Number of protein chains: 4
Amino acid sequence: MSKEDNSDLIQPVIPREHEIEIRVRYQETDAQGRVHHANYINYFEIGRIEMLRAGGVDYRKLEEDGLMLVVADVKCKYHIGAKYDDLLRLKTRVVRAKGVRVYHKYELSIGDELVCEGETTVAAINSQGEVVRLPDWLQLDAKKQPNSGR
Amino acid sequence: MSKEDNSDLIQPVIPREHEIEIRVRYQETDAQGRVHHANYINYFEIGRIEMLRAGGVDYRKLEEDGLMLVVADVKCKYHIGAKYDDLLRLKTRVVRAKGVRVYHKYELSIGDELVCEGETTVAAINSQGEVVRLPDWLQLDAKKQPNSGR
Amino acid sequence: MSKEDNSDLIQPVIPREHEIEIRVRYQETDAQGRVHHANYINYFEIGRIEMLRAGGVDYRKLEEDGLMLVVADVKCKYHIGAKYDDLLRLKTRVVRAKGVRVYHKYELSIGDELVCEGETTVAAINSQGEVVRLPDWLQLDAKKQPNSGR
Amino acid sequence: MSKEDNSDLIQPVIPREHEIEIRVRYQETDAQGRVHHANYINYFEIGRIEMLRAGGVDYRKLEEDGLMLVVADVKCKYHIGAKYDDLLRLKTRVVRAKGVRVYHKYELSIGDELVCEGETTVAAINSQGEVVRLPDWLQLDAKKQPNSGR
């Protein structure tokens, strides 16, 4: 019954909002001279992962331990096209995380200009591919966190 | 005023629905052993292009002539993950094409199984990046095509 | 000792040279208006796979059965840049296949123009990541195939 | 004859060797659970660009001013496969830069382990696609820089 070696003893605290910078790579642009629209979806994934890391969670380890977060849906609305070498600012926000799903929103900007806005739903599955409940520390229930100020 | 040399004299007829097959490439998979979710967005683009080609329109030539179709938004709902070497069937459908925008829907399947469903809005812009009216042959107005049966 | 259920009874015959067509995708181009140089490496991989398929070998099944072909080295010399929607012709050739390695050469062209030339070495490994001998049908020994004419 | 507005007055000093860190993205892995071999070629490009930036040169501006560096050939020898989320260390080195070409070598490692080694030749071209002489500050001639000390 000992839990000494259980990393769950210290619960990670995932931020609800996190910001990172991403430098546009040449390979991510296309012949229209801008970032190919599919590549923004990859940026969102980086935002999710780095948000977890900021809360002390190594997503790779999570997968090695048998929990995968798979994307159930994605939306993206494009405003302007980012160019090669632009330094993008990606704001990732957890809107809701309850049961088996986490809902994120994303805002990607260059300086004051909004490049695109996105939304995703990710679902937790185990190594058998079965949908499973999110770990407690990933749950974000508005009622239980009344002082979160958002 | 002569229009003899105007290729518009013969108007292309773009199908409203078109189907292609796409073989999953190794590079499109990820460490979860399935197609990375962002890559389905690329498949949709191929579907749009091949639909135009089926109607006699070379999208590259369209761009060379100064008309670009840029993606304004995209949605994708994922059902199952396609695997390396799967032969996917992509059904692309024009839902509406009016004014400056074309709305497409997509269904991607392996045999009878639905892999994912998508939607995009593409907008016509000229070489100065200004939003412009779709060419007539790309317009799809329900009232003018009463017998389209969909 | 029975080998009745052994699919090896009918040995695949892999062609030593195989040609396919590849249509350049928008996502494969970059802001210089040409195919990004790293993407040609992906085309080579498609060439190898389709060469196996032409010989009756399903590479995915090979992997499922525990044999992986991993790339040990790659070279590519670029001549001209392919553009969006170009229809490329890729010629893949097995130069040597002996012991644990297969050596391929590639020529990628648009019409009569050579786009790039490549070479790769792929090594056979088992599911434990150990280097293993190529299956007999993948071996290509000049002495044993005196009439191959090359 | 005034050169007041000529940025060439202050010559950039490009380091001959430069090191960066690159975090492996999920999208860069493939179903073998490792970084897809073509993606290392993209890392090399990032290495070249960041080496220029470390010397005060903005490659995007270089292109806007009409000088492009295009890849003429690439070689890569793979040792081990990097995994998702690995933090890679990329050492980029200018071996020679004379006339119209720059020769780079690359070493990519995880800790003490060498992941892969690469080489590229890039050639300078102008906006008409003509091969042109490298800017002086990009030339690296062993005889003329005996004191470079690296």
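The numbers here are math on the coordinates, done by the rules we state, and not lab data. Just so it is clear, the structure is predicted and the values come from calculations on it, not from any experiment. Don't worry about glycine lacking a Cβ; one is built from the backbone with ideal geometry, like all the others, and counts go over all protein chains shown.
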| Candidates per chymotrypsin sites (Phe, Trp or Tyr not before Pro) in region D:1-101, loop by DSSP, up to 16 other Cβ within 10 Å | none
| In the protein assembly as shown, how does Rg compare with the Kirkwood Rh, expressed as the Rg/Rh ratio over alpha carbon atoms? | 0.98
| Under the definition of partner shielding as Cβ atoms of other protein chains within 10 Å of a residue Cβ, what is the mean value for peptide A:66-76? | 5
| field | Note, ³J(HN,Hα) from phi for region D:21-28, Karplus 6.51, -1.76, 1.60, rounded to Hz, x at Gly and Pro | value | 10, 10, 8, 5, 8, 4, 5, 8
| field | Length added when fully stretched, residue C:10-residue C:133, from 0.36 nm per residue minus Cα-Cα | value | 42.4 nm
| Cα-projected label distance for residue B:61 with residue C:61, points at 7 Å along beta-carbon direction, nm | 4.2
| query | Which residue, C:18, C:104, C:79, tops the fluctuation ranking in a GNM of chain C built on C-alpha contacts under 10 Å? | reply | C:79
| said: Is there a quick way to get the dipole size of chain B? I mean about its Cα centre, with the Cβ of Lys and Arg at +1 and of Asp and Glu at -1; what is the value in debye to the nearest 20? | reply: 520
| request: Calculate how steeply helix B:39-54 sits against the longest principal axis of the alpha-carbon atoms of chain B, using the helix alpha-carbon long axis, and give the answer as 0 to 90 degrees to the nearest 10. | output: 40
| Using a simple charge model, +1 on the beta-carbon of Lys and Arg, -1 on the beta-carbon of Asp and Glu, nothing else, what dipole does region B:16-69 show about its Cα centre, in debye to the nearest 20? | 120
| Where the only charges are on Cβ atoms (+1 Lys, Arg; -1 Asp, Glu), what is the dipole of the protein assembly as shown about its Cα centre, to the nearest 20 debye? | 20
| note | Filtered hits (aspartates and glutamates, Cα-Cα < 15 Å from residue C:61, offset >= 8 within chain) -> B:85, B:86, C:8, C:50
| request: Every other copy gets compared here: list the nm distances from the residue A:136 label point (7 Å along Cα to Cβ) to its counterparts, shortest first, one decimal. | output: 6.1, 6.9, 6.9
| query | So what are the ³J(HN,Hα) numbers for region A:111-128, from phi and the Karplus equation (6.51, -1.76, 1.60; θ = phi - 60°), rounded to whole Hz, Gly and Pro as x? | reply | x, 8, 8, 7, 8, 7, 10, x, 9, 9, 10, 10, 10, 8, 10, 8, 5, 8
| note | Highest GNM mean-square fluctuation among C:33, C:99, C:47, for chain C with Cα springs under 10 Å, belongs to C:33
| task | Take the cross-link list B:77/D:83; A:105/B:91; C:77/C:105 and give me the ones stretching past 20 Å between alpha-carbons. | result | B:77/D:83; A:105/B:91
| message | Which of C:121, C:92, C:29 ends up with the largest GNM mean-square fluctuation for chain C, with Cα atoms connected below 10 Å? | response | C:29
| So which aspartates and glutamates can residue D:75 reach, going by Cα to Cα under 13 Å and dropping same-chain residues fewer than 8 places off? | C:73, C:117, C:119, D:45, D:107, D:117, D:119
| remark: Axis carrying A to D; for chain A the Cβ-nearest residue and its rounded Å distance come to A:25, 5
